[in-house]
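Input: a single structure, listed below in structure tokens.
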Amino acid sequence: MALSKADYRGYITSPEWRDKHKEFLKRSHYRCSFFPFIKCGKKARYNVHHMNYENLGDERLWIDVIVVCPFVHNFIIHGLLSGFRRPSQQKNYPNTAQRLAHFWCCQPVMVRVGLVVLLVVNLVKVLAVG
Ligand SMILES: [Zn+2]
């Protein structure tokens, strides 16, 4: 069942919503979905980010929500990528840049770690040759 906008504030501060975080964190391996080397949960701060608001009250991980660290959430997803506008202030949410970030966040953790390692290895190679 989808919630109305008026219910949103109550829901996002409710124990039901808090309870769902445990499963989201576990399935995210207690890692930021954007930067897999940053820890989330288990005492490390984290945010559960809504990639869309279509299934408010019945969110599924990787489809509707992702776990990210507060830096990525506030400074990248709702910062640099949106011109520091909240979703309600954006003409289109998510915008193209945010869609790309969401796509990246939803790749399996091994794919993301592998790509980062590949990038670093190649960067080192380029720097060593140059
Ligand atoms: Zn968010």
Scanning segment 71-83 for residues that are assigned to a loop (DSSP other than H, G, I, E, B) and more than 9 Å from the ligand (Cβ to nearest atom), the one farthest from I38 (Cα to Cα) turns out to be G83
Which of the residues that make up segment 52-68 are within 12 Å of the ligand (Cβ to nearest atom) and touching a Cys at 6+ places or on another chain (Cβ under 8 Å)? I66, V67, V68
Given the options A101, A44, name the one that is under 24 Å from R27 (Cα atoms), of a type in the set (A, V, I, L, M, F, W, C) and more than 16 Å from the ligand (Cβ to nearest atom). A44
Regarding H49, is this residue within 11 Å of the ligand (Cβ to nearest atom) and assigned to a strand (DSSP E or B)? yes
Within segment 92-114, the residues that are touching a helix residue (DSSP H, G or I) at 6+ places or on another chain (Cβ under 9 Å) and surrounded by 13 or more Cβ atoms within 10 Å (Cβ to Cβ) are Y93, P94, N95, A97, Q98, A101, H102, W104, C105, Q107, R112
How about segment 84-130: which of its residues are part of a helix (DSSP H, G or I), under 25 Å from Y53 (Cβ atoms) and of a type outside the set (D, E, K, R)? P87, S88, Q89, T96, A97, Q98, L100, A101, H102, F103, W104, C105
Selection over segment 3-37 where residues are of a type in the set (A, V, I, L, M, F, W, C), under 22 Å from R99 (Cα atoms) and at pLDDT below 95 yields a count of 2
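The values are calculated or read from the model by the stated rules, or taken from the named source; none is laboratory data. Nothing here was measured: the structure is a model prediction, and the numbers come from that model. Cβ: placed from backbone, ideal geometry, glycine included. Neighbour counts: every protein chain shown.
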